[in-house]
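Colleague: Starting off with a structure, shown below.
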Amino acid sequence: MFKQAAVLAVTGVALLVGCGGMDPQMENEEIISNLIEAGYPAKDIHVINEAVFVSGDAYVTLQASREMIQAPAGSAEHYRSTNLVGPQVTKICIDPSTAFNSYSNMSQGLDLAIGNYNALGLRFTFARGPTTGCSATIAAGISIIRPDENWAEFPSYGLPGGSINMIPALNDQPLDINEHIITHELGHTLGLRHTDYYDRSISCEPRYSGVEGAEDVGVIHIPGTPTTAVWNGSVMNACPHIDNTGEFTSADINALNILYGQSATQSCPDVNVAAYQGQTGAQIRCTCSSGGGGSVWGTNLYTDDSNICTAAVHAGVMTTSGGAVVLEVQPAQSIFIGTTRNGVTTSSYGAWPGSFRFIGAQVPQPPPLCSSFNIMSYRGQNGSSIRCSCPAGSSGGAVWGTDLYTDDSNVCAAAVHAGVIPVTGGQLSVTIQPGQGSYTGSTRNGVTTYSYGYWAGSFSISP
């Protein structure tokens, strides 16, 4: 299986064992609805032990289902999911449970699987834990949700999937099979999908023929790899066989090097993100020799003409000394908000036809102070909204109008007048409105505003 949250991959047990805040009922209903919208046949969606599985192959969380309906277009042998492991991950530690360690073949199979990946010299290494220096951790345990299936989580938020889960019956199989299946499951945690996702009968029984979801729902062909799967052609085929050795095929090695090899990057200054407009979800991996010093517009979402390296420092996915980053193409935005982070100050801007974000965990930031915006500079961008915050003591400053305020009015005082925030401050949304022929003053919530005649720009306030 070559997809930011957790879909859990499972392969059925035939001859061998392979991979595989809201009310729970409401959550499952949304998951099912999202899967159908994403192109999965309704007959392949099942609820087992209050968990939603699709195609007998994936346990789907709410977040994962939401990401699926935002996935980019793909292609129809080696495939990756929408989500990949971000560049901030350099050491992945695998912590087996006491129960997992009690099965000798399974425990040895884990060591062999770790060796398979580390022998490739990828940009991250695996280590058996518990240990130190981990930038990500995967728990290895015994399967409980599906007691008859092995499964693993897909990556989310730039981190590898959080667990692989094996059934005790796997330990009864030869050591090579334990190595094969654990290597396979670790592949899922890195975002690999089944190489024969489009027709599992290639490696499984004929009754498993059919597509594991449409090609535009997180099934992305890895350039430079085959587009047709063959029997025993990959450790990532859906079903294992008794003669499998547990080792990567040449196609597997090629696919992993393309995704995670040390040299699988281009220089970020050479990337023209604007050329990817319309390809929402497409991911680009590149490297920066330093933090750069170019112009950037936005926060978390950046205009596609922004300097990638400078934006990466601002986003917190890279230091000024440089490094590798993965950015994801995003659609047009009506507004971009500038902020100061990590020593980088970005600018605000209005509507722009393309944007990008970085893959990797980013700390949510509070909206900038309303006083940092010149609302008059947004005239004409009617309907655009700006999220900002006001500190305590926000009732001072001149304001003209009631409900609709002149765009030179003090935003925080207007927000108190409008009843959106108290005098102790808070967060709010400023929406750009057209100019008015007149403005009427009034007294509300301890703030008195002024009347005025025609003015060329206005704004309104909402929570």
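Colleague: For SER438, put the label point 7 Å out on the Cα→Cβ axis and report which residues of segment 389-420 keep their amide N under 15 Å from it.
Modeller: 401-402
Colleague: Compute the Rg/Rh shape ratio of segment 415-463: radius of gyration over Kirkwood radius, all on alpha-carbon atoms.
Modeller: Radius of gyration relative to Kirkwood radius: 1.00.
Colleague: Next question, about the same structure. Take the solvent-accessible surface of the protein heavy atoms, probe 1.4 Å, and return the percent of it on segment 160-209 that carbon and sulfur atoms account for.
Modeller: 49 percent
Colleague: What accessible area per residue, rounded to a whole number of Å², is obtained for segment 326-463 using a probe radius of 1.4 Å?
Modeller: 44 Å²
Colleague: Under 13 Å from a point placed 7 Å out from the Cα of SER462 along the Cα-to-Cβ direction: which residues of segment 409-447 have their backbone N that close?
Modeller: Inside the label zone: 428-433.
Colleague: Still on this structure: Which FRET efficiency value, to the nearest 0.05, is calculated for GLU247 and ALA275 with the Förster distance at 60 angstrom and r the Cβ-Cβ distance?
Modeller: 0.95
Colleague: Let me ask something else. What is the calculated FRET efficiency for SER201 to LEU175, with r their C-beta to C-beta distance and R₀ = 30 Å, to the nearest 0.05?
Modeller: 0.60
Colleague: Only residues of segment 305-331 count here: report those whose backbone N is under 16 Å from the spot 7 Å along Cα→Cβ of SER289, or say none.
Modeller: Residues 308-310, 320-324 fall inside that zone.
Colleague: Order of 324-336, 176-188 by packing, highest average Cβ count within 10 Å first?
Modeller: Put in order of decreasing packing, that is 176-188, 324-336.
Colleague: Just order 398-410, 91-103, 124-136 by mean Cβ neighbour count inside 10 Å, highest at the front, would you?
Modeller: Listed from highest to lowest mean packing, they are 398-410, 91-103, 124-136.
Colleague: While we're on this one: Can you give the FRET efficiency to the nearest 0.05 for TYR454 and MET26, using r as the Cβ-Cβ distance and R₀ = 60 Å?
Modeller: Calculated value: 0.75.
The values are calculated or read from the model by the stated rules, or taken from the named source; none is laboratory data. In this text, all values refer to a predicted model and were calculated from it rather than measured experimentally. Please note: Cβ atoms are built from the backbone with ideal geometry, for glycine as well, and neighbour counts cover all protein chains shown. Keep in mind that these areas ignore ligands, DNA and RNA; they rest on the heavy atoms of the full protein, side chains included. Shrake-Rupley method; radii C 1.70, N 1.55, O 1.52, S 1.80 Å.
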